[in-house]
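The values are calculated or read from the model by the stated rules, or taken from the named source; none is laboratory data. Remember, predicted model here, so these are calculated numbers, not experimental data. Neighbour counts are summed over all protein chains in view; Cβ atoms, including those assigned to glycine, are modelled from backbone coordinates with ideal geometry.
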C-alpha cells in the first residue's frame with residue numbers, strides 16, 4: 001500500500017472532514033467580508049479591489065492544506081521531535097519581536113519581517129507549546145521526582161512575559177488556559193489545582209490593576225467609566241449589531257450592510273459577518289463543528305494509553321477549541337475584545353499556516369493503524 005493510502009486509512013477521517021468543512025466555510029466567509037475590509041483599508045490615493053483579501057486567502061489556503069497533510073503524515077516520534085525543535089525556534093523568535101519587529105499595527109508589535117514575509121511567532125508557537133508542555137509532563141511517568149510542573153510553568157511565564165510586552169492579552173489567555181488544561185489532565189493533586197486557581201484569579205486582578213491593556217478592555221466590557229469612548233466597546237457593539245442584523249437566516253450573501261462598520265470584518269469579527277449574511281443558524285452550525293472536533297478528540301483519547309499522546313492531543317484540541325470559543329464570545333459581546341482570529345475561517349497567512357501545522361499534529365497524534373486491530377469479527381491482512 002502506498003504512503004498516501006496508509007495515511008488515508010490510518011487518519012481520523014471524521015476530523016479530516018470537519019476541518020475541511022471549516023476551511024470551505026472560511027473561504028465563503030472571507031469572500032463575504034472582503035468588500036467591507038477593502039473599503040476600510042482603501043484611501044484617497046488607492047482603492048483596494050473588493051475581493052483582494054479573498055484571493056489572498058485562497059493562496060494561503062492552497063499553501064496551508066498541503067502543510068497540514070504533510071505534517072499529519074509524519075511518524076508520531078518524528079512529529080514530536082520536530083514540534084519540540086519548532087517550539088524552541090519560535091520561542092526565540094517571540095523574544096526577538098521587540099528587536100526585529102516592524103512598526104506597530106493597531107497598537108501592538110507582534111510580527112517579525114523576514115524580507116517580504118511577515119511572521120507572527122505567537123501563532124506558530126501555540127500548537128508547538130502544547131506539544132512541548134505535554135512532553136515535559138509525560139516525563140513524570142518515567143521519573144516522578146522530575147519537577148515537570150515548575151519547568152512547564154517557567155516556559156509559560158517566559159512566553160507570557162513577551163506576549164504581554166507586545167501587548168497581546170488574548171494570546172496570553174490561550175497559553176495559560178492550555179497549560180492549566182494539560183496540568184489538570186496530567187493528574188496534579190487537587191490542592192495544587194486549587195492553588196493554581198487562586199493564583200490565576202490573583203493574576204487577573206493584577207493584570208487589571210497594573211496592565212493598561214487589560215484595564216482598558218475589561219473597563220470597556222463592563223462599561224466602567226466613560227466606556228462609550230473606548231475603542232474596544234465600539235468594536236464589540238458594532239460586532240453585536242452586525243451579528244444580530246441578519247436574524248435567523250441572514251440577509252443573504254453579499255447583502256449585509258452593517259459589516260461595513262466593523263473595524264476588522266475579515267479577521268477578528270468575521271463571525272459577525274457570517275451572522276449578518278447567513279444568519280444565526282449558520283453561526284450555531286459553525287459552533288457545532290468546533291464542538292464536534294473537540295468532543296471527537298476527547299472521546300478517542302479514552303482509549304489512549306500513551307501519556308504523551310493523550311496530553312498532546314487533548315492540549316491541541318483544547319487550544320483549538322479555546323481560540324474558537326473566545327472569538328465567538330467576543331463577537332456576541334460576552335467577552336472583552338481579544339484581537340483573536342476564528343480558526344480556519346478568519347483571514348490571515350500566519351494564522352492559516354500555524355493552524356494547519358497544529359491540526360496536522362493533531363491528526364498525526366490521533367492516527368491509528370487499522371491493521372493492528374483485533375476483533376473476532378474482522379480478518380487481518382494475510383489471514384485466511
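Tabulated values for the structure
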quantity: Set 296, 303: member being free of Cβ contacts under 8 Å to residues at least 24 places away in the same chain and either crowded, with 24+ Cβ neighbours inside 10 Å or over 23 Å from residue 33 (Cβ atoms) (or both); calculated: 303
quantity: Members of region 234-255 that are within 22 Å of residue 23 (Cβ to Cβ) and crowded, with 23+ Cβ neighbours inside 10 Å; calculated: 243
quantity: Residue count, region 90-117 (criterion: in a strand (DSSP E or B) and modelled with pLDDT under 70); calculated: 3
quantity: Checklist (1) at positive phi; (2) in a helix (DSSP H, G or I); (3) buried (at least 22 other Cβ atoms within 10 Å of the Cβ) applied to residue 279, failing item; calculated: (3)
quantity: Evaluation of residue 251 against (1) farther than 14 Å from residue 329 by Cα; (2) modelled with pLDDT of 85 or more; (3) assigned to a helix (DSSP H, G or I) (one fails), failing number; calculated: (3)
quantity: Residue list for region 62-77, restricted to those being touching a helix residue (DSSP H, G or I) at 6+ places or on another chain (Cβ under 9 Å), surrounded by fewer than 20 Cβ atoms within 10 Å (Cβ to Cβ) and in a helix (DSSP H, G or I); calculated: 63, 65, 66, 67, 69, 70, 76
quantity: Residues satisfying the stated conditions in region 304-349, i.e. closer than 27 Å to residue 212 by Cα and part of a helix (DSSP H, G or I); calculated: 319, 322, 323, 324, 325, 326, 327, 328, 329, 330, 331
quantity: Count of region 42-58 residues which are surrounded by 12 or more Cβ atoms within 10 Å (Cβ to Cβ) and in contact with a helix residue (DSSP H, G or I) (Cβ under 9 Å, 6 or more places away or on another chain); calculated: 11
quantity: Boolean, residue 25 is under 20 Å from the mean Cα position of the chain (by Cα) and modelled with pLDDT of 85 or more; calculated: yes
